[in-house]
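Below is one structure; the comments refer to it alone.
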Amino acid sequence: MRFRTKQIHAGVTPDPTTGAILTPIHQSTTFVQPSVDEYMATGYSYSRSGNPTVRALEVKVATLEGGADAAAFGTGMAATNAVMMAMLNAGDHVVFSDVVYGGTYRLATQIYSRFDVEYDFVDTSDAANVAAAIRDNTKLIFTETPANPTLKLTDIAAVSEIAKSHGIPHCVDNTFLTPYYQRPFELGADLIVHSTTKYFDGHNATVGGAVISRTPELHERIKFVQNSTGTTMSPQVAWLTMQGTKTLSERLDRQSDNAMQVARFLEGHPKVLQVAYPGLESFPQHELAKKQASGFGAMGWFEVQGGVEAGKKLMGLVELWTLAENLGSVESLITHPVTMTHAAIEPAERLKVGITDGLVRISVGMEDAEDLIEDLQQALDRV
Ligand SMILES: *Cc1c(COP(=O)(O)O)cnc(C)c1O
């Protein structure tokens, strides 16, 4: 089966008792056991440990990424946390991409640091930096590509090869491109993390996350943390996410196409100092983007003439673009990372990795590109 067929059918079978075409929302805490001898005969006992609606989504996500199995979580951060908890002991060391989602940075520096987990944030756009950062106690390499918000890319195959040669699992946060455009397992990764809040849902309706494992052994470790810490996704969220996932490819194609048009417009506007979009020839890692992904995604950023003040003013002048955190939804969103998504990172650290005060992040939605461009035009003209 090919991707579009899988995104609709994987994990979903008509309900055997009613014929309902959609997987029902199994809103039940517990599942009746036929007898003591037949405990878990249905595969379910208690919804923290497993729920049929959540399971259907897990199967779908695992199938789309091409992994052995998946575990769904209450949020993307719960998914990232599960990877760290499953792979690390006190005294272990992690190599992270220097540009990661702000919450991932906070988790390492403010939570895991308290449990004596050591870490380095390195520029993973050069795989040699990963090799150089590996220590005897390194037990996890965690990269995010394209990275939020600068879009810096990591060569997944090159980092996976280094990870493999040291016997260290490589986890990729694949939230920005999803398996429709980027397939980390085929490039050698061992674990994949998603904030399903973003493109899998796609409609600004839920928060959720998933960890997909290359092997059953890795999945067992993730599943154990999911059940032990109780960070499981709820059945309603799984159901909504599942419906969103069925149109993932169509949304991404349209949103990416819109993003390319918006990026080209911004590139030609006199008040825009810099535009970053992996599909532009001017993007520093354009060749790598073409090599390791089949699409460029719908995230971009730009810097307006006039710094923070102009950036802030612009966000007040746009009418169609919505000022909000989140990304990947059908609605086009505009964000100021320094005051919003990446406020958890210290100012000096932010600057070092290119998150400047005037950076405006855009998540391009599914509206008509002409309307999105006209709105930016009127706002930029008045900045
Ligand atoms: C949003 C996001 C997360 C965190 O996901 P939540 O669902 O908000 O907890 C992790 N990684 C990336 C790249 C994200 O964009």
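We did not get these values from a lab; they are worked out from the coordinates using the rules stated. The model shown is predicted, which means the values in this text are computed figures rather than measured ones. Counting neighbours? That spans all protein chains shown, and the Cβs are built from the backbone with ideal geometry, glycine included.
Quantify how much of the Cα-Cα distance distribution of the stretch 248-382 extends past 19 Å, in percent.
Percent of Cα pairs beyond 19 Å in the stretch 248-382: 48.
If each residue's Cβ is checked for other Cβ atoms within 10 Å, how do H342, H194, H336 rank with the fewest at the top?
Values: H342 26, H194 29, H336 22.
With the fewest neighbours first, H342, H194, H336 line up as H336, H342, H194.
What residue among T18, I192, Y119 has its Cα farthest toward the positive end of the dipole of the chain, where the charges are +1 on Lys, Arg and -1 on Asp, Glu, each on the Cβ?
T18
So what's the back-of-envelope 222 nm ellipticity for the chain, counting only DSSP H runs of four-plus at -39500 (n - 2.57) apiece and dividing by all residues, rounded to 500?
About -11000 deg cm²/dmol.
So for K139, K352, K223, fewest C-beta neighbours within 10 Å to most, what's the order? Each step should come with its number before you reach the end.
Working: K139 18, K352 14, K223 21.
By the 10 Å Cβ count, ascending: K352, K139, K223.
How do 375-382, 177-184 rank on mean C-beta neighbours within 10 Å, highest first?
Answer by packing, highest mean first, reads 177-184, 375-382.
When N counts the residues of the stretch 80-161, how does its alpha-carbon radius of gyration compare numerically with 2.2 N^0.38 Å, as a ratio?
Working: Rg = 11.9 Å, N = 82, 2.2 N^0.38 = 11.7 Å.
Relative to the rule-of-thumb radius for its length, the stretch 80-161 sits at 1.02.
Which value, in debye to the nearest 20, describes the size of the charge dipole of the chain about its Cα centre when Lys and Arg Cβ atoms bear +1, Asp and Glu Cβ atoms bear -1, and nothing else is charged?
The calculated dipole for the chain is roughly 480 debye.
Kindly state, to the nearest 0.05, the FRET efficiency for M340 paired with A128, given R0 = 22 Å and r defined as their beta-carbon distance.
After rounding, the FRET efficiency stands at 0.10.
What is the calculated FRET efficiency for E118 to E161, with r their C-beta to C-beta distance and R₀ = 22 Å, to the nearest 0.05?
0.40
For the residues M87, M315, what sequence is obtained by ranking on other C-beta atoms within 10 Å, fewest first? Show your work: numbers first, answer last.
Details: M87 22, M315 18.
Exposure proxy ranking, most exposed first: M315, M87.
Could you tell me whether the stretch 123-265 comes out rounded, prolate or oblate from its Cα gyration tensor? Rule is a ≥ b ≥ c as square roots of the eigenvalues, rounded for a/c under 1.5, then prolate if a/b exceeds b/c, otherwise oblate.
oblate
Which of rounded, prolate or oblate describes the chain when judged by the alpha-carbon gyration tensor and an a/c cut-off of 1.5?
It comes out oblate by the Cα gyration axes.
For the chain, what number of Lys pairs, 8 or more residues apart or on separate chains, have alpha-carbon atoms under 18 Å from each other?
Total qualifying Lys-Lys pairs in the chain comes to 12.
Below 8 Å between Cα atoms, with a sequence gap of 6+, how large is the relative contact order for the stretch 80-221 in percent?
20 percent.
What relative contact order, as a whole-number percentage, does the chain give when Cα pairs under 8 Å and 6 or more residues apart are counted?
This gives 17 percent for the chain.
Rounded, prolate or oblate: which one fits the stretch 251-306, using the alpha carbon gyration tensor with axes a ≥ b ≥ c (rounded when a/c is under 1.5, else prolate when a/b beats b/c, else oblate)?
oblate
Can you list residues from other chains, or at least 5 along the same chain, whose modelled amide H is less than 5 Å from the amide H of Q285?
none
Counting other Cβ atoms within 10 Å, which GluC sites (Glu not before Pro) in the stretch 224-306 have at most 12 and lie in a DSSP loop?
E281
Volume per residue, Å³, of the convex hull around the alpha-carbon atoms of the stretch 1-72?
111
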